[in-house]
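The values are calculated or read from the model by the stated rules, or taken from the named source; none is laboratory data. What you are looking at is a predicted structure, and each value in this text was computed from that prediction instead of being measured. A quick note on method: Cβ atoms are made from the backbone with ideal geometry, for glycine too, and the neighbour counts reach across all protein chains shown.
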């Protein structure tokens with residue numbers, strides 16, 4: 001059964017029906033940009049920990065790169081959310097990807113110069129690409145009807161699959177290219193990351209028109225005006241802003257962020273679901289290439305495992321979106337916790353020389369993240385009115401990014417002290433915390 005009403009404070013009723021061609025165009029452009037940015041994101045993930053381990057000569061801080069670019073994504077989430085709130089999704093996402101490209105160039109410079117401090121600063125900036133890649137999912141939902149919102153989110157997420165699978169497998173070829181250019185081989189994937197993020201920014205800047213958030217506000221404002229103003233003299237928006245000019249459905253004043261309908265329940269549960277899945281996924285994913293490297297596996301093997309993981313993070317999205325819309329947000333969120341538990345247990349018992357079992361564990365880890373992220377995103381978007389949506393979504397993603405940074409930073413310390421199996425199993429058990437949170441909200445109809 002469909003889990004949201006036809007008209008909610010968190011979205012426009014009939015907005016997509018009024019502009020189906022606009023939603024199709026928006027999703028098409030977002031898909032192209034996500035393919036590009038997914039390649040850049042996955043390439044950096046594959047070798048970030050290995051670069052830190054090589055430069056510092058220790059496993060203790062191997063999780064620091066993941067923590068830094070995840071922490072950087074927290075700051076970027078605020079900035080992208082603010083720009084999107086004021087100017088629209090197009091300038092916000094474009095600025096985020098350009099910042100990620102600058103960070104990629106900084107990583108390459110740091111590796112060439114052998115400067116760990118510069119490396120860490122550049123990784124922080126590189127995190128903007130991660131934040132923007134995730135924020136793009138909200139843009140896909142801006143024009144979606146509530147009953148199809150999770151499917152719109154999943155369409156954007158699945159677009160990262162192609163780039164995310166191809167990116168890690170280009171670690172070895174880009175390493176060879178880097179060597180030919182006189183750059184250390186481990187910096188090669190960041191050549192790909194910089195180019196991919198820059199191209200994603202270009203695609204959005206040129207083709208993301210109309211801006212989905214501004215158009216959604218325009219349609220929502222028009223509906224409110226029609227509903228609240230039966231006579232011409234009463235038809236002005238409650239906020240005092242003039243209605244958009246005829247024929248310009250995206251020209252919504254930047255200050256059209258005045259208090260609108262109150263948010264609905266589901267914001268806290270949705271945020272918590274994403275926080276837990278991000279923390280567990282980042283911790284285990286970050287240390288898997290290091291774990292494999294320490295047991296004699298090369299970059300190609302770890303790249304394959306990460307490619308499988310990233311594919312599992314995004315490829316199931318169309319099915320997940322349909323499940324969330326049909327079976328309910330909470331049900332799929334609960335499934336994410338159970339899947340992450342199985343993933344952690346599988347990684348903990350997998351022999352270090354078994355690439356197949358590690359790939360299976362990382363695939364389950366990615367699937368658990370996908371279930372939690374799609375359901376959590378749908379809950380958060382359902383709960384937020386358009387007037388404050390972009391800014392609030394940015395703040396939610398800050399919490400998600402901080403959780404990821406915590407997982408990345410602590411993962412190296414846990415592995416150094418207790419080993420990779422302990423890290424994987426602990427993460428799986430921690431993911432089950434979503435279940436009591438769901439039970440605590442069972443009295444409300446969040447679905």
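Consider residue 241 against the criteria (1) at pLDDT 70 or above; (2) surrounded by fewer than 22 Cβ atoms within 10 Å (Cβ to Cβ): it satisfies all of them except one. Which criterion is unmet? Exception for residue 241: condition (1).
Filtering the range 166-183 down to residues that are outside any helix (DSSP H, G or I) and surrounded by 17 or more Cβ atoms within 10 Å (Cβ to Cβ), which residue is modelled with the lowest pLDDT? Here the answer is 170. Against the conditions (1) closer than 24 Å to residue 283 by Cβ; (2) surrounded by 24 or more Cβ atoms within 10 Å (Cβ to Cβ); (3) at pLDDT 80 or above, residue 66 satisfies every one except (3). With respect to the conditions (1) at pLDDT below 90; (2) crowded, with 24+ Cβ neighbours inside 10 Å; (3) farther than 30 Å from residue 53 by Cα, residue 129 falls short on a single one, namely (3). Consider residue 423 carefully, then state whether it is in a helix (DSSP H, G or I) and at pLDDT 90 or above. Here the answer is yes, as residue 423 does meet what is asked.
Looking at this structure, is residue 215 in contact with a helix residue (DSSP H, G or I) (Cβ under 8 Å, 6 or more places away or on another chain), surrounded by fewer than 24 Cβ atoms within 10 Å (Cβ to Cβ) and assigned to a helix (DSSP H, G or I)? It is false that residue 215 is in contact with a helix residue (DSSP H, G or I) (Cβ under 8 Å, 6 or more places away or on another chain), surrounded by fewer than 24 Cβ atoms within 10 Å (Cβ to Cβ) and assigned to a helix (DSSP H, G or I). In a helix (DSSP H, G or I), surrounded by 24 or more Cβ atoms within 10 Å (Cβ to Cβ), at pLDDT 85 or above and within 22 Å of the chain's Cα centre (by Cα): does that describe residue 143? Spelling it out, it is not the case that residue 143 is in a helix (DSSP H, G or I), surrounded by 24 or more Cβ atoms within 10 Å (Cβ to Cβ), at pLDDT 85 or above and within 22 Å of the chain's Cα centre (by Cα).
Per-residue answers, yes or no, for (1) on the phi > 0 side of the Ramachandran plot; (2) surrounded by 19 or more Cβ atoms within 10 Å (Cβ to Cβ):
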residue	(1), (2)
387	no, yes
390	no, yes
407	no, yes
419	yes, no
427	no, yes
435	no, no
440	no, no
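Screening the range 87-116 for residues that are closer than 12 Å to residue 211 by Cβ and part of a helix (DSSP H, G or I) and picking the one that is farthest from the chain's Cα centre (by Cα) gives 87. Applying the set (1) modelled with pLDDT of 70 or more; (2) buried (at least 20 other Cβ atoms within 10 Å of the Cβ) to residue 224 leaves exactly one unmet item: (2). Only residues that are out of contact with any helix residue (DSSP H, G or I) (no Cβ under 7 Å at 6 or more places or on another chain), within 12 Å of residue 291 (Cβ to Cβ) and at pLDDT below 90 were counted in the range 410-420, giving 1.
Within the group 78, 83, which residue is in a helix (DSSP H, G or I), surrounded by fewer than 22 Cβ atoms within 10 Å (Cβ to Cβ), without any contact (Cβ under 8 Å) to a residue 60 or more places away in the chain and under 18 Å from the mean Cα position of the chain (by Cα)? Can you show your working first?
Numbers: 78 fails: without any contact (Cβ under 8 Å) to a residue 60 or more places away in the chain.
Among 78, 83, only 83 is in a helix (DSSP H, G or I), surrounded by fewer than 22 Cβ atoms within 10 Å (Cβ to Cβ), without any contact (Cβ under 8 Å) to a residue 60 or more places away in the chain and under 18 Å from the mean Cα position of the chain (by Cα).
Annotation note: Cβ proximity below 8 Å between a residue of the range 106-124 that is crowded, with 20+ Cβ neighbours inside 10 Å and a residue that is not in a helix (DSSP H, G or I) (sequence gap 6+ or interchain) occurs for 108/183; 111/183; 111/184.
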